[in-house]
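First the structure, in the form of structure tokens, and then the observations on it.
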Amino acid sequence: MRILGIETSCDETAICLIEAEGDFGIGSPKSETKAAPNFKYKILGNALISQAALHTEYGGVFPNLAKREHAKNLVPLLEKCLHETNSPRQGLALPRLNIAELQTTLSREPELLKQLIPFLEQHGKPDIDALAVTHGPGLEPALWVGLNFAKALSKVWNVPIVGVNHMEGHIVMSMMEGGHLASFEFPVLALLISGGHTELVLSKRFGSYKLIGQTRDDAAGEAFDKVARMMQLPYPGGPHISALAKKAREENLTTDVKLPRPMLNENNLDFSFSGLKTAVLRVLESSAPISDTLKKKLAREFEDAVADVLVAKTLRAVETYGANTVLIGGGVSANTYIRAELKKRLDEVSSKLLVCPPELATDNALMIALAGYFHAQKREFADITTLKANGNLRLGDIS
């Protein structure tokens, strides 16, 4: 089965075409406990553009700018992706009705429509079985661009759509090892950490999710970015904080200031990082002007604090729910220190850790295509007349 994935939830525009086979354990007697060994995939075409540099002056993602850039980038990325697959160049003779339909579907995306019509006239229908598109969570203006683009292609190419939850995409991506499914056992506990989310999600079988813990205020990635901005570091701030923290460890630099570990000892699985961010601000205000040495010390203490909380809560969830496997996904999962600390503690309790390569930890269309395949295989297709973008879409029910 060939799936074309489309991702526009935040500030990455991405398109990926995969060919996949296997059943993810669906219908297998062991599907409740063990992952099926027969799923595999290969990437036929993959294209991505990051807008991070464009949002630097805002210190974060500016929704209307993200929307505009998605509309500008989607068609060129689709063309690049299909070029990698040697898709046919023979175009479609679009009848007046189809153009009218496209104009209606993309009425709010005039720039996208302007590029799409000549593209369709120059390119034939690719060999695909379904489209998979992120419909939430994320920035709604950005989500709508990708969703309307997918609807337009669905109508012209006459292929079904799968609406994919962005967070499920991160989960499925972290279950992969190379071009196939990793070997692991359920229950699986997912720690999802990004600029917009910090969640613990329990899964007892494929496609079954229960939200058992979440942040009550700032997400971990958001806290990294805000602390970086306080230190006058570029956006996105997470990698810069981590680089300073790494230098501090190499130079054995520590600070006399002990930052809080919010909610560390509370008897629940929720998180809070707003107070930690405020504590950093107080230190900076009382230490101005800020020296490079203090930046390194404070970056280390901040990263230590975040890691301590994430690891402790994850281990508590492992014990509570008897999770055999833990996976970590989302942009912050690329943080090597957090990965290493989590693996060290999980090894002590004989729980397996699944991680995806750092380059696939951030938003991408491969993860959307993979999650889309999972639903397309069960013929869980969306009604394009009712499929909507949902910036607050949840994965699983709150326990």
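Laboratory data are not the source of any read-out in this text; all were calculated from the coordinates shown. Owing to the predicted nature of the structure, the values given are computational and were not obtained by experimental measurement. Here the Cβ positions follow ideal geometry from the backbone for every residue, glycine too, while neighbour counts run over all protein chains shown.
Some observations on this one:
- Stretchable slack from Ser183 to Ala340, in nm (0.36 nm times residue separation minus alpha-carbon distance): 54.5 nm
- Length released on extending from Asn390 to Leu54, taking residue separation times 0.36 nm less the Cα-Cα span: 118.5 nm
- GNM remark for the chain: springs join alpha carbons under 10 Å apart, and the peak mean-square fluctuation among Leu113, Leu200, Leu284 falls on Leu284.
- Listed pairs Lys42/Lys125; Lys125/Lys210; Lys67/Lys226; Lys67/Lys204 exceeding 31 Å between Cα atoms: Lys125/Lys210; Lys67/Lys204
- Label point at Lys210 placed 7 Å out along Cα→Cβ; residues across segment 303-338 whose backbone nitrogen lies under 19 Å: 313-327
- Taking every alpha-carbon pair within segment 184-358, the share separated by more than 24 Å comes to 34 percent.
- Taking 0.36 nm per residue of sequence separation and removing the Cα-Cα distance, the Lys378/Asp217 pair yields an extension gain of 54.4 nm.
- Inter-probe distance in nm under a simple model that places probes 7 Å from Cα toward Cβ, at Asn38 and Thr320: 3.7 nm
- Projected over all directions and averaged, the alpha-carbon convex hull of segment 37-135 occupies 8.8 nm².
- Less than 5 angstrom separates the built amide H of Ile161 from those of Leu131, Ala382, all sequence-distant by 5 or more or on a different chain.
- Pair Asn86, Glu121: separation of 7 Å Cα→Cβ label points (nm): 2.9 nm
- The per residue volume of the convex hull around the alpha-carbon atoms of segment 89-149 is 92 Å³.
- Set the Cα radius of gyration of segment 236-339 against 2.2 N^0.38 Å, with N its number of residues, and you get 1.16.
- The label point for Arg261 and the one for Thr293, both projected 7 Å from the Cα toward the Cβ, are 2.8 nm apart.
- Computed log₁₀ I(q)/I(0) - Debye formula, equal Cα scatterers, no solvent, segment 303-399, q 0.22, 0.25 Å⁻¹: -1.23, -1.33
- Theoretical FRET efficiency, 1/(1+(r/R0)^6), r = Cβ-Cβ of Arg96 and Trp157, R0 25 Å, to 0.05: 0.85
- All aspartates and glutamates inside 15 Å of Lys40 as judged from Cα atoms, apart from same-chain residues fewer than 8 positions distant: Glu19, Glu21, Asp23, Glu177
- Look at Met176, Met367 and count the other Cβ atoms within 10 Å of each Cβ; fewest to most, that gives Met176, Met367.
- Across the chain, the relative contact order, built from alpha-carbon pairs under 8 Å that are at least six residues apart, equals 23 percent.
- The chain: Cα Rg divided by the 2.2 N^0.38 Å rule of thumb: 1.02
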